[in-house]
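See structure below.
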Amino acid sequence: MRVDDLPESPILSLLDRVFEMRRQGETVLGLHVGEPDFDTPAGIRAAAARAMDEGLTHYAPAQGLPDLREAIAERLHRLHRIPATGSDVVVLPGKLAIYASLLSATDPGDEVLLPDPTYLFEQPVQLAGAQPVYFPLRSDYSFDPAALERAITPRSRVLILTSPSNPTGRLLSRSELEAALDIARRNDLIVLSDETYESLVYEGPHVAPASLADGAGRVVTIGSFSKMFAMTGWRAGYAVAPPELRVRLIKVVEHTLTCIPPFIQAACLWGLQNSTADIERFRLEFLRRRDRLFALLSAIPGLHLERPAGAFYMFPQYEVPVSSVEFCRRVLENEKLAVVPGVSFGPAGEHHFRVSFTAPMTALEDGASRLRHFLETTAVPARHAL
C-alpha cells in the first residue's frame, strides 16, 4: 500500500514524546509548533456563529462560496498583483490544496522537484504516486538555478517553491523567481507556489510567481487563513490555478471533502473584509519576537543562523556532532525544550533544528537560555567541526 511506504516523520515522533512527557506531569517548553499563539480574532469567531444561526450549515459549492472566492482574488490582485478572478479560486484547506494539486499535475512515477531544505512536501508527493527529487539551495537558502537544472529529468513535472519559507524564513527575490519560472517554462514544469506565510513578511517585498510574466498560466498559488488570522484549527485555505488544473482540483474536493463548511467560509470572508488590522497586529508582534530571538540565538557559541525575512521560524545550524534527531532528543530530555529536527525538512536540514517564535517573549528568552545551557554543558564537544 502506498501509505505504508511513507517513512515515519521525526516531527511526529517528537510530538509523541512531548505528549507523553506532559502526560506524566513534566513541564515542556514547546518552541516546535508552527501555529500562532494568538486566538482567532473575536469578530471572525462571531461571524461564524452568526452564519450558523442564519442556517449556513448545509452543503456549499465544492469550489467555494462565490463571495469568498471574489474576496480572495481581489486581495491577491491588490497586494500581490496576481491576475486572478473569483472563478480562478478553489476554497479548500492549504494542505489538501497541496495534495490535490499534486494529484492534478502528476501521473504515477512523475518527479516533483523540491528545494532542500523545505516544508514537508515529500509525503504528499509520495501519496500522489510521484517521486520527490531534492535540489540544494545555497548556504544562505537562496535559489540556485544551476542546482535545479541538474535535478531535472524527462520525468520532471512539478517544481515546488515556498516563500516565505518554512523552515528557513527565506523570502525569494524577484530575480530568483524569474530564474525559476524561466527554467520551469523551458522544461514544461508546473510551479506549485506555497505562499502560506505571505502575510508575515518583515523585509520584503513578497513577490508572487503568478504575478510575473507568463507565470499565471503555469503557477498554482496556495494560500491559507491559518497563519493570516490565527485560524489553524479551522482548516481553511485556497488554491488559485489555471483552468485545466482548477477543474481537477474541484473534482478532488467533490470526491473527498465535498466542501469547506459554509459558516467557516463566511468567517473567512468577514476576516478579509473587516480584520486586516489583525493581520498587521500579528505581523508586528512576530517581528518583535524575531528580532529578540535572533539576537539571543546569534550570541550562543556553536549556533549559526540566517535572519528570517518572513514566516515565524529560525533554522540554526549547530556544531554538536550528532544527528538532528538525536540533538533534539537530547535537548528535550535534558532541557525540557521541544524543537524540530532539521532533517525533517530534507537532507540538507541535517545538523539544523527549527525553532518557532510563536510563543510569548518570556518563553523565547527561556528557550534560548535552555539552548545555551545545553550547548555549554553537553558531554559531546560543542566546537566539533561538522
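So the values come out like this:
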quantity	calculated
The chain, relative contact order in percent, only Cα pairs under 8 angstrom and at least six apart counted	24
Debye intensity ratio I(q)/I(0), log10, region 58-275, q values 0.12 Å⁻¹ (C-alpha model)	-0.58
Sequence-distant aspartates and glutamates (8 or more away, or on other chains) whose Cα lies within less than 19 Å of residue 336	16, 20, 26, 326, 365, 366, 376
Protection-proxy order for peptides 271-278, 197-204, 84-91, each taking the mean of Cβ atoms within 10 Å per residue, highest first	84-91, 197-204, 271-278
Nearby lysines by direct alpha-carbon distance to residue 95 (threshold 26 angstrom, same-chain neighbours under 8 apart not counted)	227, 251
Three semi-axes of the equivalent ellipsoid, the chain, Cα gyration tensor, whole Å, largest first	33, 26, 20
Crossing angle, helix 174-186 versus the chain [Cα axis fit, 0-90 degrees, rounded to tens]	60
Alpha-carbon centroids, region 169-187 and region 33-67: separation in whole Å	34
Mean residue ellipticity (222 nm) of the chain, computed from DSSP H runs ≥ 4 via -39,500 (n - 2.57), nearest 500	-13000 deg cm²/dmol
For region 185-239, diffusion coefficient by Stokes-Einstein and Kirkwood Rh (Cα), 37 °C, 0.692 mPa s, µm²/s	264
Between helix 324-335 and the chain: long-axis angle, C-alpha atoms, 0 to 90°, nearest 10	60
Using alpha-carbon coordinates, inclination of helix 276-298 to the longest axis of the chain, degrees	20
Which of 361, 231 has the fewest Cβ neighbours within 10 Å, and the rest in rising order	361, 231
Residue (of 236, 180, 126) at the positive-pole extreme of region 58-275, dipole from beta-carbon charges	236
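Bear in mind these aren't lab numbers, they're just calculated from the coordinates by the rules spelled out. Keep in mind the model is a prediction, meaning the values are calculated, not measured. When we count neighbours, we look across all protein chains shown, and the Cβ atoms used for this are built from the backbone with ideal geometry, even at glycine.
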